[in-house]
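The values are calculated or read from the model by the stated rules, or taken from the named source; none is laboratory data. Since the structure is predicted, the reported quantities are computational estimates derived from the model, not experimental observations. When we count neighbours, we look across all protein chains shown, and the Cβ atoms used for this are built from the backbone with ideal geometry, even at glycine. Quick note on the areas: whole protein, heavy atoms, side chains included, nothing else; ligands and nucleic acids left out. Shrake-Rupley method; radii C 1.70, N 1.55, O 1.52, S 1.80 Å.
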Amino acid sequence: MTDHSQLLAISDLGVVFGHGANEVTAVKGVSFTLGKGETLALVGESGSGKTVTALSILGLLPYPLARHPAGSIIFRGEELLNAPEPTLRRVRGNRIGMVFQEPMTSLNPLHNIEKQVGEVLEIHGGMTGEAKRARVLELLKLVGLPDVESRLGALPHELSGGQRQRVMIAMALALNPDILIADEPTTALDVTIQAQILELLKDLKDRLGMALLFITHDLSIVRKVADRICVMKDGTIVEQGPVAGIFAAPKHDYTQRLLAAQPKAKGVAAPAGEEIIATENLKVWFPIRRGVIRRTVGHIKAVDGVSFTVAAGRTIGVVGESGSGKTTLGLGLLRLIGSEGAIRFQGQRIDGLSSKAVRPLRRHMQIVFQDPFGSLSPRLSIGQIVGEGLIVHQIGTAAERDEHVAEALREVGLDPAVKDRYPHEFSGGQRQRIAIARAMVLRPRFLVLDEPTSALDVSVQAQIVDLLRDLQTKYSLAYLFISHDLRVVRALADTIIVMKDGTVRESGAADQVFSAPRDPYTRALLDAALNLKASAHS
């Protein structure tokens with residue numbers, strides 16, 4: 001029987017940023033408890049205050065910019081709110097672990113994976129030598145990182161988004177904390193790994209008596225992991241209670257809207273236009289070098305012989321597990337990394353062109369990256385970020401560029417008044433919309449969308465899908481849509497490519513692939529997605 005003796009009690013928590021006319025209330029009057037062995041889900045749209053609430057527990061907000069006008073955070077009888085730094089250091093990692101939302105910004109880009117996971121064990125656990133290395137291997141295997149021994153020396157940029165998230169989970173679990181705060185821990189993961197990570201967290205919670213504070217925008221997984229839910233909106237909890245009760249009979253209209261929000265099914269597609277981009281037998285191989293003279297002893301075949309065509313007004317959806325080559329395919333197609341094989345853009349061969357010759361075409365071929373915080377310069381304002389491409393390609397006067405920026409921001413659901421603010425002032429979902437605006441402002445013919453909705457809550461996912469459809473219809477855009485979220489892919493794609501280990505396992509019309517998949521791997525992906533969805537509605 002689960003022991004719900006109280007570990008954490010938050011009472012009337014308030015969080016304010018700024019002072020005077022610039023003061024913003026991010027959290028107001030938040031109260032909840034978390035018991036031993038219990039899982040509590042904080043659910044709400046981006047900017048609702050979920051992450052700010054969680055960061056307050058460990059004193060990780062940007063003080064003194066942030067302050068707490070009211071509240072109390074009691075962990076095992078000890079007050080953590082405004083506690084001295086030595087007290088917080090004793091709790092962080094040892095007693096309360098945290099998995100952050102954006103692993104690329106949380107991992108040190110200069111240190112390999114073994115060093116970063118081992119650092120937690122050495123500093124907080126006193127482990128050294130072979131014992132430390134053995135524990136690092138154990139943790140990385142536990143979270144499903146493939147080829148662990150060969151990955152120990154890898155730097156964060158050499159891993160896929162999902163693999164980086166798994167490393168973050170391993171670091172948070174290293175010392176078997178009493179409470180694990182998981183801030184969107186499955187955001188970057190494909191459905192099969194999502195299921196594995198959720199099962200892993202449940203198993204660890206049960207085995208260690210660990211409590212879990214699970215922050216998410218994805219309601220389809222809440223029913224699978226949580227005992228209770230707190231629904232947040234505009235910094236307050238509008239509804240909380242047992243999972244079964246809230247899913248069966250939500251009382252607040254906001255909760256009802258969240259549960260009903262899903263990307264709409266794709267309607268009848270317009271006739272395909274002219275060929276925009278095509279590739280034949282595309283290959284991206286990375287050499288494996290060993291020894292003193294760095295001799296090439298083999299290759300990692302990240303993309304191996306992929307061929308397809310994208311027409312105007314059409315979308316090809318690329319699905320597959322993390323590390324299957326989806327993002328590498330998009331980068332190779334745009335000539336952002338070296339590749340072999342024919343690439344045609346609007347009838348012109350571009351695979352043999354120099355970087356200088358390709359540069360004028362780049363305004364017509366844009367990309368939205370998976371990690372918006374990592375791709376947005378922290379030193380530029382939003383207006384400068386979105387308008388940078390207009391300056392590079394010498395489009396319009398200064399006044400015209402300002403209007404283009406304002407229009408792009410409006411199209412992605414942001415007030416043009418935010419143009420003077422900076423990326424760190426926005427939630428993860430809002431940053432992703434800024435990244436989309438930066439690409440759309442140039443009105444490209446072809447757009448690679450690398451997990452553009454992965455950081456967004458379900459209601460904003462639906463808005464972004466509608467936006468992408470509207471833009472595609474209006475400008476006859478061609479999309480290469482990369483995603484692990486099969487619901488979103490089904491809502492947008494005309495054709496599906498299923499990738500595994502750099503090769504295409506199955507391709508065809510979206511309806512055919514979803515309704516009658518031929519390959520066992522495709523069926524496994526669809527089964528995993530259906531199981532998550534079923535758990536949300538059971």
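Which of the helices (runs of 4 or more DSSP H) found entirely inside the stretch 392-502 contain at least 3 residues meeting this: more than 30 Å from residue 221 (Cα to Cα)? Please lay out each step first, then the result.
On the way: elements: 398-411, 428-440, 458-475, 486-492.
Helices (runs of 4 or more DSSP H) meeting the threshold: 398-411, 428-440, 458-475.
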What's the number of the condition residue 90 fails, among (1) in contact (Cβ under 8 Å) with a residue 12 or more places away in the chain; (2) outside any strand (DSSP E or B)? (1)
Go through the stretch 473-496 and give me each residue that's open to solvent by 10 Å² or more (accessible area, probe 1.4 Å), within 18 Å of residue 314 (Cα to Cα) and in contact (Cβ under 8 Å) with a residue 60 or more places away in the chain. 473, 476, 486, 487, 490, 494, 495
Per the list (1) surrounded by 23 or more Cβ atoms within 10 Å (Cβ to Cβ); (2) under 21 Å from residue 528 (Cβ atoms), residue check on residue 168 breaks on (2)
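From 28, 50, which residue is closer than 25 Å to residue 226 by Cβ, open to solvent by less than 20 Å² (accessible area, probe 1.4 Å) and either free of Cβ contacts under 8 Å to residues at least 24 places away in the same chain or basic (Lys, Arg) (or both)? So that I can check it myself, show each step before the final result.
Values: 28 fails: open to solvent by less than 20 Å² (accessible area, probe 1.4 Å).
The match here is 50.
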Is one or more of the residues making up the stretch 396-406 surrounded by fewer than 19 Cβ atoms within 10 Å (Cβ to Cβ) and under 26 Å from residue 328 (Cβ atoms)? no
So, of the residues in the stretch 50-90 that are under 18 Å from residue 29 (Cα atoms) and among the hydroxyl-bearing types (Ser, Thr, Tyr), which turns out to be nearest to the chain's Cα centre (by Cα)? 51
What's the number of the only condition in (1) within 27 Å of residue 386 (Cα to Cα); (2) surrounded by fewer than 22 Cβ atoms within 10 Å (Cβ to Cβ); (3) aliphatic (A, V, I, L, M) that residue 365 fails to meet? (2)
Within the stretch 408-432, considering residues that are among the charged types (D, E, K, R) and free of Cβ contacts under 8 Å to residues at least 12 places away in the same chain, the one surrounded by the fewest Cβ atoms within 10 Å (Cβ to Cβ): 415
Residue 222 open to solvent by less than 60 Å² (accessible area, probe 1.4 Å) and within 25 Å of residue 465 (Cα to Cα): yes
Among the residues of the stretch 201-213, is there at least one that is assigned to a loop (DSSP other than H, G, I, E, B) and crowded, with 22+ Cβ neighbours inside 10 Å? no
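To keep it simple, each residue is scored yes or no on (1) open to solvent by 60 Å² or more (accessible area, probe 1.4 Å); (2) more than 17 Å from residue 177 (Cα to Cα); (3) at pLDDT below 95.
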position: 18; (1), (2), (3): no, yes, yes
position: 21; (1), (2), (3): yes, yes, yes
position: 24; (1), (2), (3): yes, yes, yes
position: 36; (1), (2), (3): yes, no, yes
position: 44; (1), (2), (3): no, yes, yes
position: 63; (1), (2), (3): yes, yes, yes
Reported set for the stretch 72-129 where residues are of a type in the set (D, E, K, R) and over 21 Å from residue 150 (Cβ atoms) is 76, 78, 79, 85, 89, 90, 92, 95, 102, 122
Exactly one of (1) on the phi < 0 side of the Ramachandran plot; (2) open to solvent by less than 60 Å² (accessible area, probe 1.4 Å) is unmet by residue 392. Its number? (2)
Among (1) within 14 Å of residue 368 (Cβ to Cβ); (2) open to solvent by 10 Å² or more (accessible area, probe 1.4 Å); (3) touching a helix residue (DSSP H, G or I) at 6+ places or on another chain (Cβ under 7 Å); (4) not aliphatic (A, V, I, L, M) - the single one residue 454 does not satisfy: (3)
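Can you find, within the stretch 320-350, the residue that is farthest from residue 280 (Cα to Cα) among those that are charged (D, E, K, R) and free of Cβ contacts under 8 Å to residues at least 24 places away in the same chain? Walk me through how you get there before you give the answer.
Of all residues in the stretch 320-350, those charged (D, E, K, R) come to 321, 326, 335, 340, 344, 349.
Narrowing the set further to residues that are free of Cβ contacts under 8 Å to residues at least 24 places away in the same chain leaves 335, 349.
Details: 335: 14, 349: 11 Å.
Looking at the filtered set, the residue picked out is 335.
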